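Visitor: Once you've had a glance at the structure underneath, I'll fire off some questions.
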Number of protein chains: 2
Amino acid sequence: MTDRKDFTIGWLARRTGCKVQTIRYYEQIGLMPEPPRSDGNRRLYGAEFADRLNFIRHSRDLGFSLGAIRELLSLAENPDQSCAAADKLARTHLQDVNSRIARLSALKTELERMSQQCSGGKISECLVIEVLADHSKCVSDEHQTA
Amino acid sequence: MTDRKDFTIGWLARRTGCKVQTIRYYEQIGLMPEPPRSDGNRRLYGAEFADRLNFIRHSRDLGFSLGAIRELLSLAENPDQSCAAADKLARTHLQDVNSRIARLSALKTELERMSQQCSGGKISECLVIEVLADHSKCVSDEHQTA
DNA sequence: CCTAATATCTACAGTAACTGTAGGAGCAAG
DNA sequence: CTTGCTCCTACAGTTACTGTAGATATTAGG
């Protein structure tokens with residue numbers, strides 16, 4: 001236990017693809033726990049820190065806010081209680097996810113169409129700019145993300 | 001042709017679904033031009049401002065940065081030149097769009113599965129948390145080992 | 001062992017893209 | 001004319017980082 005393998009913050013950063021400052025920032029805002037320190041005051045991380053950080057990074061990557069991640073983490077830390085709260089969180093997020101997918105798919109279509117038609121052409125033929133200028137040309141339904 | 005068709009910033013905000021402060025912010029950073037003012041120093045907007053603001057808002061909504069929008073706007077203002085630059089911008093964005101759609105689709109699957117399985121259950125059965133904790137459980141096409 | 005390079009430490013400033021607030025002035029209605 | 005809304009400027013706060021400065025710690029080389 002005392003001679004358990006501990007690694008530096010740099011190791012954790014390389015391990016998770018997260019920047020060193022970001023790790024310290026997560027610790028500062030209480031999203032990552034304070035790790036033990038070495039004699040020279042360096043943070044000493046084990047594999048469990050990498051797991052938690054991967055959880056956070058993956059969630060961020062998929063569009064969850066730090067606040068939502070904080071909630072998910074607290075739920076994940078008490079796996080015996082009902083997951084009604086997690087379910088509600090997930091349902092709320094699902095609506096946003098669906099909306100984003102729809103709008104991104106519409107944009108994807110236009111971006112691809114442009115790449116075919118636009119090569120060497122003029123901007124007046126670029127559908128992308130028309131699509132971006134005129135909301136009604138968009139294929140998706142109107143949805144406001146706050 | 002700018003004689004009697006001028007409206008307040010509030011009108012423009014309602015017209016475009018953009019907050020008043022955000023409009024003033026866009027003016028401040030040079031994304032929206034300075035409109036004429038009334039005797040009482042109020043900004044006076046016409047329809048062309050709504051068009052430009054809709055372009056900006058829609059682009060933002062679809063994930064373009066203000067920097068990219070600034071470029072697109074300058075390109076849109078010179079529609080006679082080649083759109084190679086706009087094409088390059090669009091292609092770059094397309095890669096990101098595709099990546100986001102893939103990851104969001106994977107999350108959507110898990111969120112939906114959770115909503116079915118999770119009702120009244122325990123968190124330990126929630127796949128969402130597992131998916132978010134472990135990248136390799138993600139359904140997306142690329143399997144990454146962390 | 002000493003030194004130079006690198007990594008880490010704290011603390012704080014800056015970024016993007018807004019959002020909110022304070023305090024004052026304009027204007028339309030009752 | 002006063003109430004109440006909108007607008008004005010200016011600036012502080014937010015989220016989620018990212019970068020910088022100056023000091024200390026560790027490590028690789030001579």
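Visitor: With the checklist (1) within 12 Å of DNA strand C (Cβ to nearest atom); (2) modelled with pLDDT under 90; (3) not in a loop (DSSP other than H, G, I, E, B) in hand, flag the one item B:Gly63 doesn't pass.
Guide: Among (1) within 12 Å of DNA strand C (Cβ to nearest atom); (2) modelled with pLDDT under 90; (3) not in a loop (DSSP other than H, G, I, E, B), B:Gly63 violates only (3).
Visitor: Hey, any hits in segment B:22-44 for a residue that's touching a Lys or Arg at 6+ places or on another chain (Cβ under 7 Å), in a helix (DSSP H, G or I) and within 15 Å of DNA strand D (Cβ to nearest atom)?
Guide: no
Residue-by-condition table, conditions (1) modelled with pLDDT of 95 or more; (2) closer than 23 Å to B:Ser74 by Cα; (3) open to solvent by less than 50 Å² (accessible area, probe 1.4 Å):
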site: B:Arg4; (1), (2), (3): no, no, no
site: B:Ile9; (1), (2), (3): yes, no, yes
site: B:Gln21; (1), (2), (3): yes, no, no
site: B:Arg24; (1), (2), (3): yes, yes, no
site: B:Glu27; (1), (2), (3): yes, yes, yes
site: B:Met32; (1), (2), (3): yes, yes, yes
site: B:Pro35; (1), (2), (3): yes, yes, yes
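Visitor: Can you pull out every residue in segment A:12-31 that is within 14 Å of chain B (Cβ to nearest Cβ) and either away from DNA strand C (no atom under 12 Å from the Cβ) or in contact (Cβ under 8 Å) with a residue 12 or more places away in the chain (or both)?
Guide: Those that are within 14 Å of chain B (Cβ to nearest Cβ) and either away from DNA strand C (no atom under 12 Å from the Cβ) or in contact (Cβ under 8 Å) with a residue 12 or more places away in the chain (or both): A:Leu12, A:Arg15, A:Thr16, A:Gly17, A:Cys18, A:Leu31.
The values are calculated or read from the model by the stated rules, or taken from the named source; none is laboratory data. Only a predicted model underlies this, so the values are computations on that prediction, with no experimental measurement involved. Glycine also receives a Cβ, built like all others from the backbone with ideal geometry; neighbour counts cover every protein chain displayed. Heads up: the accessible areas ignore ligands, DNA and RNA and are worked out on the full protein's heavy atoms, side chains in. Shrake-Rupley method; radii C 1.70, N 1.55, O 1.52, S 1.80 Å.
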